[in-house]
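Colleague: Below are the structure tokens for one structure; questions will follow.
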Amino acid sequence: ERVRLRFINAASNSFYDVRIPGLKMAVVQADGQNIEPVEVDEFRFGPGETYDVLVEPKDDAHTIFAQSMDRTGYARGTLAVRD
């Protein structure tokens, strides 16, 4: 199954690198504008930007990892399929 994820950078002054190790992302929208899908392993976005990506998770759980560009902090979450 394909899942659309929307990433919103609500920070006032930080750039973030976003990745889902082991899972390709297809960026389909940037700042509300549809774009030709671009397959990436990771993307960087700045304050006030939004990115929509499509992913196709399989049977495993995947970690969504966002790390500040200066590497002083990070956030992580889990994307898992459910039967």
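The values are calculated or read from the model by the stated rules, or taken from the named source; none is laboratory data. Fair warning: this is a prediction, and the values are worked out from it, not measured in the lab. When we count neighbours, we look across all protein chains shown, and the Cβ atoms used for this are built from the backbone with ideal geometry, even at glycine. Please note that ligands, DNA and RNA were not included when accessible areas were found on the heavy atoms of the full protein model with its side chains. Shrake-Rupley method; radii C 1.70, N 1.55, O 1.52, S 1.80 Å.
Colleague: Calculate the spin-label point distance for residue 82 paired with residue 10, positioning each point 7 Å from the Cα along the beta-carbon direction, and give it in nanometres.
Modeller: Placing both labels 7 Å along Cα→Cβ, they lie 2.2 nm apart.
Colleague: May I pose another question? What is the sum of charges around residue 19, taking Lys and Arg as +1, Asp and Glu as -1, for the other residues whose C-beta is under 9 Å from the C-beta of residue 19?
Modeller: Details: positive: none; negative: 17, 41, 42.
Once all neighbours under 9 Å are counted, the net charge is -3.
Colleague: Another question about this same structure. Using the Cα centre as the reference, give the magnitude of the dipole from point charges on the C-beta atoms of the stretch 9-83 (Lys, Arg: +1; Asp, Glu: -1; all else neutral), rounded to the nearest 20 debye.
Modeller: Details: 7 positive and 13 negative charges, 55 e Å.
It works out to roughly 260 debye.
Colleague: From the residues 38, 65, 25, which one has its Cα farthest along the dipole of the chain in the positive direction, the dipole being from +1 and -1 charges on Cβ of Lys/Arg and Asp/Glu about the Cα centre?
Modeller: 65
Colleague: Further, regarding this structure: So what is the relative contact order for the chain, in percent, with contacts set as C-alpha pairs under 8 Å and at least six apart?
Modeller: Details: 185 pairs, mean separation 29.4, N = 83.
Contact order relative to length: 35 percent.
Colleague: While we're looking at this one, here's another question. Considering only protein heavy atoms and a 1.4 Å probe, what is the carbon-and-sulfur percentage of the accessible area of the chain? Walk me through the intermediate numbers first.
Modeller: Details: 2560 of 5700 Å².
The nonpolar share, carbon plus sulfur, comes to 45 percent.
Colleague: Residues of the chain: accessible area per residue at 1.4 Å, in Å²?
Modeller: Values: 5700 Å² over 83 residues.
For the chain, the per-residue accessible area is 69 Å².
Colleague: Among 59-65, 16-22, 74-80, how do they line up by average Cβ neighbours within 10 Å per residue, starting with the highest? Display every interim value, and only then the final one.
Modeller: Values: 59-65: 13.0, 16-22: 16.0, 74-80: 10.6.
The packing order, highest mean first, is 16-22, 59-65, 74-80.
Colleague: Stokes-Einstein diffusion coefficient for the chain at 37 °C in a medium of 0.692 mPa s, Rh from the Kirkwood formula over Cα pairs: what value in µm²/s?
Modeller: Details: Rh = 13.2 Å.
The Stokes-Einstein estimate is 249 µm²/s.
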